[in-house]
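Below you'll find the structure, written out as structure tokens, and then a few comments.
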Amino acid sequence: MTVRLRPHHLLCILTYVGKGYGRDFTANMSAIVRRIASGEEFEIVSGPDDICSPRLNEQASHCHEARISLRDENAAQDISRCLGIGVEAGARINLGMPLKMALRRSFAAEDIRSACFGCEWTYLCRAVASSDFECSIL
């Protein structure tokens, strides 16, 4: 089964170091990031994805909020421009080394981070990028 990924989560996985909203979320995200790191293809989706799944039943879940959809739109535009490919619902992507390195360079230069505005994880992600993604699982 192909991993389903919303556009802004493609940015999140770049700096993922095993921290998250809770134990279930972190275990799920770690498993997904390992699958993508091993070369598994993923499909871009509109709305909640496989990373969101542990939080969808939570009262405080933000997965369906308009601001998160806007975050996805911004991420899709930035990533499409960076990679020169359409990052839209239905696109299938294999994040091989060339694409991963292009995203890392652009993320570290803050060229593809318009989706990150207002995100509570910004400081952690900035620190991971500043360390040349040293602790990143991906």
Matching label for the computed Kirkwood radius over Cα pairs in Å, out of (i) 15.8; (ii) 14.9; (iii) 16.5, is (ii)
Whole-Hz couplings from phi, Karplus 6.51/-1.76/1.60, listed for segment 129-138; x for Gly and Pro: 5, 5, 8, 6, 6, 3, 9, 5, 6, 6
Extension length gain for LYS19 and CYS63 (0.36 nm per residue less Cα distance), in nm, is 14.0 nm
Packing rank of 102-109, 127-134, where each peptide gets the mean count of other beta carbons within 10 Å, highest leading: 102-109, 127-134
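Output the relative contact order of segment 63-138, whole-number percent, from Cα pairs under 8 angstrom with separation of 6+ residues. Provide the component values of the computation, followed by the final result.
Details: 45 pairs, mean separation 24.6, N = 76.
Relative contact order comes out at 32 percent.
Can you tell me the order of 114-126, 14-26 when each peptide is scored by its average per-residue count of other Cβ atoms within 10 angstrom, highest first? List each step's numbers first, then the result.
On the way: 114-126: 14.6, 14-26: 16.7.
Most protected by this proxy first, the peptides run 14-26, 114-126.
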Relative contact order for segment 3-130, counting Cα pairs under 8 Å that sit 6 or more residues apart, in percent: 32 percent
In deg cm²/dmol and to the nearest 500, what is the mean residue ellipticity at 222 nm of the chain if only DSSP H runs of at least 4 residues count, each as -39500 (n - 2.57), divided by the residue total? -13500 deg cm²/dmol
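Relative to the present Cα-Cα distance, how much length would full extension add between THR2 and THR26 at 0.36 nm per residue of separation? Each step should come with its number before you reach the end.
Details: separation 24, 0.36 × 24 = 8.64 nm, distance 1.93 nm.
Working it through step by step, the gained length comes to 6.7 nm.
Read-outs: derived from the displayed coordinates by stated rules, not from any lab. In this text the structure is predicted, and so the values were computed from the model without any measurement. Positions of Cβ are generated from backbone atoms using ideal geometry, with glycine treated the same way; all protein chains shown enter the neighbour counts.
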